[in-house]
Structures are given as structure tokens and as C-alpha cells.
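**Student:** Sharing a structure below in C-alpha cells format, with a few things to ask.
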Amino acid sequence: MRKKIFLTAALIAASFTTFAQVGVGTTDPKAGLDITSDKGMLLPRIADHTSLTPVDGTLDANEAGLQVYDTTTNKVMLWDGTAWVASATGTAKFVDGTTPADAVFTDGKVGIGIEAPSEQFHIYNESGAFSLLESNTSVAGLYIRTNNTNSTTLMQLNQGTDYWRTRFYSSLGPSGNSYGIGFNQILPSMFLIQSDGNIAIGQSSATQKLEIAGNAKLEELYYGGVIRDHRFSNKLILFSSSLATELHSAGSTGILFKDNANNELARISNEGNFGIGTTSPVAKLDVNGAIKVGDAVATPVAGMIAYGDKGSGIGFYGYTGGAWVKLH
């Protein structure tokens with residue numbers, strides 16, 4: 001009987017030596033250790049994985065791949081050769097074969113840099129800065145980062161090699177201005193909304209509510225205090241609460257002044273004639289109606305006309321350059 005036992009043990013030892021494979025629950029192991037079981041496998045359990053002492057007494061690169069289960073943190077710990085690495089925990093996971101494929105299945109939340117994301121997509125970094133889909137400035141892409149310096153882009157969308165950008169950013173300069181939204185092709189900015197509410201178009205900053213560097217075209221804005229470009233008559237209309245000024249294109253009717261009922265009050269023709277009460281002035285001043293001439297002339301010049309008493313009774317006087325002469 002002993003001979004049979006010794007023979008069996010010798011055959012088993014020869015099998016281990018020849019194939020260097022161990023099978024548990026299987027007679028055909030596919031790896032150095034092949035366990036076939038429906039009962040699972042228990043890793044070595046330890047209350048504090050950092051207190052583990054390997055066989056040779058030193059935990060270093062020779063033990064890379066060592067695994068234990070920490071009963072205090074309830075995590076599987078892996079020694080990577082230089083440090084302990086915890087296995088993933090929590091309920092979030094990717095499930096293949098779902099619709100869409102690889103959808104987040106359980107909690108529906110994804111965390112980067114945080115173990116317990118509170119939002120659908122939660123990125124966290126203790127240093128306060130991160131980049132998402134960051135690309136070279138000459139490559140189209142989305143560029144997002146937090147404000148961790150005095151001048152930085154919060155979010156930027158690059159068109160590509162032409163450097164067209166849509167930017168949400170903060171820029172703290174000597175004046176303390178913080179800019180909000182910008183659309184530009186590097187420099188200068190194409191469109192900028194500042195934190196003080198001022199808007200700049202075609203320039204990098206604005207000191208007024210709206211500043212435009214270049215020509216502007218406005219259509220169908222006809223309420224009080226605005227400017228409207230009349231699409232059908234080639235004219236620009238400046239409205240106030242009771243008056244309107246029409247600036248017509250060259251070769252048209254000149255500059256018109258109207259009341260809020262569209263009645264013409266005066267005009268400057270393309271020839272430079274100013275007409276009051278007439279739509280076709282033929283002189284530098286053409287008045288269709290009565291005029292009133294006053295007498296309050298502090299420093300007269302030749303050619304002036306005044307009404308009053310300049311030494312020869314009430315009447316109209318003309319100034320010759322040296323004296324007033326009554327007109328008859």
C-alpha cells in the first residue's frame with residue numbers, strides 16, 4: 001500500500017515539475033493556477049494592509065502584484081511595486097450590450113477624480129485646474145478649464161487653423177475688469193461682453209454700453225431714441241420721442257428733419273442748401289415763411305443783418321464791417 005502512495009505522490013510531483021500548473025476543481029488547468037468553482041475565492045484578509053510584511057521582510061518591486069483584502073476599508077488592495085492601489089468600489093459600472101452600448105448602468109453618474117460623484121458628470125481636482133478635450137490652439141476642439149490664474153480661458157471652442165474662437169473667460173487686468181464672453185480670431189476680439197455690461201464689437205474693450213469699431217447696419221428699430229436702417233429707401237433714421245432725422249444715401253434727398261407725424265420740418269439738400277418749409281431749397285438758406293431777426297449782436301461781422309435801433313430808428317440794419325447801415 002505504501003508503495004502505491006509513494007508512486008502516486010511521485011507522479012503528482014512530476015506533473016507539477018513538468019507543467020508548473022495547478023488546477024483546483026479542474027483536471028485541465030489553463031494557467032499556473034486555475035480554479036473552477038461556484039463558491040468563489042477568498043483573498044488573504046488583513047485589518048491594515050499597510051502593516052503587511054512579505055516573506056523576505058521588505059515590500060518592494062519583488063512583490064509587485066501582491067493582493068490582500070483590507071477588512072477595515074473593505075477594499076481589495078494591490079501592491080504595484082511602489083505603492084498600494086485600491087480596487088474600484090461603489091455601484092457605478094459599465095455594462096456591455098446595453099443601449100447605448102457601455103452605458104453607465106447603476107447610479108447613472110460618472111466621476112473623474114472623485115469616488116462619489118454628485119452630478120451626472122463630475123470632475124474634481126484638488127489643485128483647482130483641469131482640462132477637458134484640450135487641443136492645440138491650431139486644432140479644432142473644445143477647451144475647458146477652471147480659473148486658477150489671473151488670466152485664463154474658462155471655456156473655449158476652436159474652429160481650427162484659422163483660430164476662430166468662442167470663449168468664456170476671466171481676465172483680471174490693472175483696472176480689475178473681468179471679461180465674460182468673447183468671440184474672436186486671436187486679436188483683436190470680434191465680439192466681447194464685459195462684466196460691467198459693456199459690449200465691444202471689433203475691438204478688445206469698451207467703455208460705453210456699445211462700442212463698434214467699423215460700420216454698422218440696423219434694420220426695423222423704430223422706437224424712441226433708436227436708429228433704424230430703412231431697407232427699402234436707402235436711408236438711416238434717427239428717432240427721438242417727437243422728432244426724426246433721416247439721413248439718405250448719396251444722390252438721394254439729403255438730410256431730412258421730420259416730426260413724429262412724418263411731416264417734414266426742414267432739410268439739407270445734397271447741394272448743401274438748407275431749406276425750411278420747402279422741399280427744394282435753391283439757396284444756402286431758403287425759408288418759405290416768415291422769419292424773425294433779433295438785435296442781440298455782441299461782435300458783428302460784415303454782412304450781418306439785425307432788427308432794432310442802431311442809431312437811425314427802428315428797422316433792419318446791415319453791418320458793413322465798420323458801421324451799421326439802415327436798410328430801406
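**Student:** When the residues of the stretch 279-315 are narrowed to those that are among the charged types (D, E, K, R) and assigned to a loop (DSSP other than H, G, I, E, B), which ends up farthest from R267 (Cα to Cα)?
**Tutor:** Only one residue tops the list, namely K310.
**Student:** Condition first: within 17 Å of V325 (Cα to Cα) and surrounded by 11 or more Cβ atoms within 10 Å (Cβ to Cβ). Now tell me which residues in the stretch 276-311 satisfy that.
**Tutor:** Within the stretch 276-311, V293, D295, V297, P300, M304, I305, A306, Y307, G308, D309, K310 meet the criteria.
**Student:** Mind listing whichever residues of the stretch 291-312 are among the hydrophobic types (A, V, I, L, M, F, W, C) and modelled with pLDDT of 90 or more?
**Tutor:** Passing the criteria: V301, A302, M304, I305, A306.
**Student:** Ok, one more. Being among the β-branched types (V, I, T) and under 8 Å from Y69 (Cα atoms) is the filter here, so list the residues in the stretch 33-53 that pass it.
**Tutor:** I46
Each row is one residue, and each column tells you yes or no for (1) modelled with pLDDT of 90 or more; (2) touching a Lys or Arg at 6+ places or on another chain (Cβ under 9 Å); (3) surrounded by 12 or more Cβ atoms within 10 Å (Cβ to Cβ).
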{"position": "E220", "(1), (2), (3)": "no, yes, no"}
{"position": "G225", "(1), (2), (3)": "no, no, no"}
{"position": "F274", "(1), (2), (3)": "yes, yes, yes"}
{"position": "Y317", "(1), (2), (3)": "yes, yes, yes"}
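**Student:** Identify, please: which residue in the stretch 49-82 is exposed (fewer than 12 other Cβ atoms within 10 Å of the Cβ) and charged (D, E, K, R) and is, among those, modelled with the highest pLDDT?
**Tutor:** Per the criteria, the residue is D60.
The values are calculated or read from the model by the stated rules, or taken from the named source; none is laboratory data. These numbers come from a predicted model, not from an experiment. Please note: Cβ atoms are built from the backbone with ideal geometry, for glycine as well, and neighbour counts cover all protein chains shown.
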